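Read-outs: derived from the displayed coordinates by stated rules, not from any lab. Model, not experiment: these values are computed from the prediction. Virtual Cβ from ideal backbone geometry, glycine too; neighbours counted across all protein chains shown.
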Amino acid sequence: MESFPVVNMENVNGEKRATTLDIIKDACENWGFFELMNHGISPELMDKVEKLTKDHYKQCMEQRFKELVASKGLGEVETEIEDMDWESTFFLRHLPESNMSEIPDLNEDYRKTMKEFVEKLEKLAEELLDLLCENLGLEKGYLKKAFYGSRGPTFGTKVSNYPPCPRPELVKGLRAHTDAGGLILLFQDDQVSGLQLLKDGEWIDVPPMRHSIVINLGDQLEVITNGKYKSVLHRVLAQTDGNRMSIASFYNPGSDAVIYPEPALVEKEAEEKNQVYPKFVFEDYMKLYAGVKFQAKEPRFEAMKAVEHTVISTPIATA
């Protein structure tokens, strides 16, 4: 079996650059996921983020989750639960403006540490988008501009804990879905696994590796590359023991960004067969996605095609 793609970012600038870019290219085309090592975010900072996140969960979230489980009578459940995820989460927004100061029960140290962490993730996301541009034969900066809209990208973080689950066969930690947005950067627990992606009809574990950042592609990159790169179905399995931490940061287009296939990436064949992905405003896609997140993505693209003629866009200038 092929091994999960792991990219050593230290090799991006040096004689191993071409090989490293090839690993990223193959991962984008065939996996929709890859894992970064030596990505420039210090192990000390990551350890601090992890410790503060786990402390925050224990102090502020754990009791609430237990009460929720009790209120829904999930301790005694005998049949599969289809409409709930076994996770405890909260969301932070960083761009276009941060809401971190408004989130209750985050202490000052946690806020400061998260701010430092996500600033580094934002830089990493932009560096990766430029590596994707290089692989795709696009001008440097193209994808960042494509995401820009009038106020820059949207960037936010979902902080999740997946507590131990008494009946993991009956409930998913997080049901299978593709991510709607652009580039997702995940700092996941290195002790408790659970994240899986679907490849060639099989569920494959995304290996927990210490101090790594897992990258996956969202629907918008599939659209911009006209299907050359894929957003891939993934899920989280609930586990009977261990509390799995997951900090997923979403580098997404701005709400008014117009997303469409980059003309140079649309092959003649696709055009002739009318197999070109739709053009739409990102916010409209998100409104649709909110209701159908756990369903197949293809009907979402079809639905956007139906309203496509209303979208006016200007060419993306990278100069």
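By Kyte-Doolittle mean hydropathy of at least 1.0 and Cα axial length of at least 18 Å, which whole DSSP H helices of the chain are selected?
None clear 18 Å together with a mean of 1.0.
Quick one: which of 231-239, 5-13 comes out on top by average Cβ neighbours within 10 Å, and what's the full order, highest first?
Top of the packing list down: 231-239, 5-13.
Determine the relative contact order of region 87-201: mean sequence separation of Cα pairs under 8 Å and six or more apart, normalised by residue count, in whole percent.
It comes to 39 percent, rounded to a whole number.
So what is the calculated 222 nm ellipticity per residue for the chain, using -39500 (n - 2.57) for each DSSP H run with n of 4 or more, over all residues, to the nearest 500 deg cm²/dmol? Intermediate values should be presented prior to the final figure.
Details: 9 runs with 103 residues, N = 319.
The helix-only estimate for the chain comes to -10000 deg cm²/dmol at 222 nm.
Calculate the radius of gyration of the Cα atoms of region 141-251 to one decimal place, then report Dmax, the largest Cα-Cα distance, as a whole number, both in Å.
Every Cα atom of region 141-251 included, Rg and Dmax give 15.2, 47 Å.
How do the peptides 295-306, 27-38 rank, highest first, by the average count of neighbouring beta carbon atoms within 10 Å per residue?
27-38, 295-306
Contact order normalised by length for the chain, with contacts defined as Cα pairs under 8 Å and 6 or more residues apart; what percent is it?
21
Starting from one equal scatterer on each C-alpha and no solvent at all, send me the Debye-based log10 I(q)/I(0) for the chain at q = 0.09, 0.13 Å⁻¹, two decimals.
Each listed q corresponds, in turn, to -0.47, -1.01.
For A296 and E44, what is the calculated FRET efficiency with R₀ set at 30 Å and r taken between the beta-carbons, to the nearest 0.05?
In this case the efficiency is close to 0.10.
Using Cα positions and a limit of under 27 Å, work out the lysines in reach of K268, with same-chain residues fewer than 8 apart set aside.
K25, K140, K144, K145, K228, K230, K279, K297, K305
Quick one: Debye curve from the alpha-carbon atoms of region 38-140 only, equal weights, vacuum; give me log10 I(q)/I(0) at q = 0.19 Å⁻¹ to two decimals.
-1.02
Excluding F4 itself, calculate the net charge of residues whose Cβ lies under 9 Å from the Cβ of F4, where each Lys or Arg counts +1 and each Asp or Glu counts -1.
Value of the local net charge: -3.
Towards the positive end of the charge dipole of region 40-310, with charges on Cβ (+1 Lys, Arg; -1 Asp, Glu), say which of A257, P96, T53 has the farthest Cα.
The one lying farthest along the dipole's positive direction is P96.
Would you kindly derive the ³J(HN,Hα) couplings of region 182-190 from the backbone phi angles with the Karplus curve 6.51 cos²θ - 1.76 cosθ + 1.60 (θ = phi - 60°), listing them in order in whole Hz, with x for Gly and Pro?
Those phi angles translate into x, 10, 10, 10, 10, 9, 10, 3, 9 Hz.
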